[in-house]
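Comments concern the structure below.
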Amino acid sequence: MSMEDLTGSLPAYAKDLKLNYSSLVKQNTELTPQQLWGTIIASAIATRNPELTAAAFAEAQAAGMSADAIDAVKAAAAIMGMNNIYYRFHHLTKNEKYATLPSRLRMNVLRGHKVDHVDFELWCLVVSAINACDKCVDSHERVLREKGATEELINAAIRVTSVIHAIGVVLDSEKAAPTPAEETA
């Protein structure tokens with residue numbers, strides 16, 4: 001299913017999401033196509049909705065996203081899936097001892113991907129935003145600005161991320177929620 005079909009199938013209560021998706025993707029002027037589709041894929045992966053993730057991959061490939069870029073998006077989502085848990089734990093615990101302990105987590109992909117560093121950092125940021133890791137959000141946002149990304153570019157990616165995440169939430173809730181006919185039965 002395409003992203004267009006997927007968003008078109010959203011229920012009436014999610015009309016704002018349909019409209020926001022349409023305007024953020026079709027009228028995008030702030031993100032490069034690679035940044036946009038990488039953000040959509042990374043957000044879909046972090047949202048953990050298989051239907052949304054499959055549609056995002058298919059649409060990105062149809063839009064011409066390279067295999068190297070898609071691998072980099074997957075790598076960003078994977079490494080942030082690990083780091084966001086580890087560093088969010090550090091934020092949530094009151095025990096300061098953990099901050100003094102080495103993580104001993106391999107993160108070679110942060111330097112071994114084959115895409116522009118700004119793009120990779122952007123994808124790490126959007127996954128971290130969905131996973132609510134303040135240390136990772138702060139770190140990747142700072143690195144992005146140090147590498148020349150503007151607040152407007154970062155904000156554009158986070159806007160896309162918020163809509164993709166919300167679409168995943170709606171898709172999940174629609175699968176779990178009873179239909180009106182089921183409620184009266």
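The values are calculated or read from the model by the stated rules, or taken from the named source; none is laboratory data. This one's a predicted model, so the numbers in the text were calculated from it and none came from an experiment. Positions of Cβ are generated from backbone atoms using ideal geometry, with glycine treated the same way; all protein chains shown enter the neighbour counts.
Please pick out the residue among THR150, THR161 that is at pLDDT 95 or above, closer than 20 Å to LEU31 by Cβ, buried (at least 20 other Cβ atoms within 10 Å of the Cβ) and hydroxyl-bearing (Ser, Thr, Tyr).
After applying the criteria, what remains is THR161.
Give ASP71, ASP5 a once-over and let me know the one that is over 19 Å from the mean Cα position of the chain (by Cα) and more than 22 Å from ASP134 (Cα to Cα).
Only one candidate passes the filter, namely ASP5.
Whether any residue in segment 39-51 is over 18 Å from HIS140 (Cα atoms), over 13 Å from the mean Cα position of the chain (by Cα) and among the polar types (S, T, N, Q) is what I want to check.
Looking through segment 39-51, none of the residues is over 18 Å from HIS140 (Cα atoms), over 13 Å from the mean Cα position of the chain (by Cα) and among the polar types (S, T, N, Q).
Taking into account only those residues within segment 1-19 that are outside any helix (DSSP H, G or I) and at pLDDT 95 or above, which is surrounded by the fewest Cβ atoms within 10 Å (Cβ to Cβ)?
PRO11
Name the residues in segment 20-29 that are modelled with pLDDT of 95 or more and either surrounded by fewer than 22 Cβ atoms within 10 Å (Cβ to Cβ) or not in a helix (DSSP H, G or I) (or both), would you? Spell out the reasoning first.
Residues of segment 20-29 that are modelled with pLDDT of 95 or more, as a first pass: 20-21.
Within segment 20-29, ASN20 is the sole residue that qualifies.
Pairs under 6 Å by beta carbon, first residue touching a residue at least 24 places away in the same chain (Cβ under 8 Å) in segment 88-108, partner acidic (Asp, Glu) and loosely packed, with under 10 Cβ neighbours inside 10 Å, six or more apart or different chains?
Matching pairs, first to second residue: none at all.
Give the number of residues within segment 30-79 that are without any contact (Cβ under 8 Å) to a residue 24 or more places away in the chain and surrounded by 14 or more Cβ atoms within 10 Å (Cβ to Cβ).
The number of residues fulfilling the criteria is 4.
Quick one: which residue in ALA75, ALA44, ALA69 is closer than 24 Å to HIS117 by Cβ, touching a Leu at 6+ places or on another chain (Cβ under 6 Å) and either modelled with pLDDT of 95 or more or not in a helix (DSSP H, G or I) (or both)?
Sole residue among the options that is closer than 24 Å to HIS117 by Cβ, touching a Leu at 6+ places or on another chain (Cβ under 6 Å) and either modelled with pLDDT of 95 or more or not in a helix (DSSP H, G or I) (or both): ALA44.
Need at least 3 residues that are over 17 Å from ALA75 (Cβ atoms) per element, so show me which helices (runs of 4 or more DSSP H) inside segment 96-172 make the cut, counting only ones lying wholly within it.
Because the criterion is at least 3 residues that are over 17 Å from ALA75 (Cβ atoms), the helices (runs of 4 or more DSSP H) in segment 96-172 that meet it are 134-146.
Filter segment 81-138 down to the residues that are of a type in the set (D, E, K, R) and either under 18 Å from ASP68 (Cα atoms) or surrounded by 11 or more Cβ atoms within 10 Å (Cβ to Cβ) (or both) and list them by number. I'd like the intermediate steps shown before the answer.
First pass over segment 81-138, keeping only residues of a type in the set (D, E, K, R): 88, 94, 96-97, 104, 106, 111, 114, 116, 119, 121, 134-135, 138.
Residues satisfying the conditions are ARG88, ARG111, LYS114, ASP116, ASP119, GLU121, ASP134, LYS135, ASP138.
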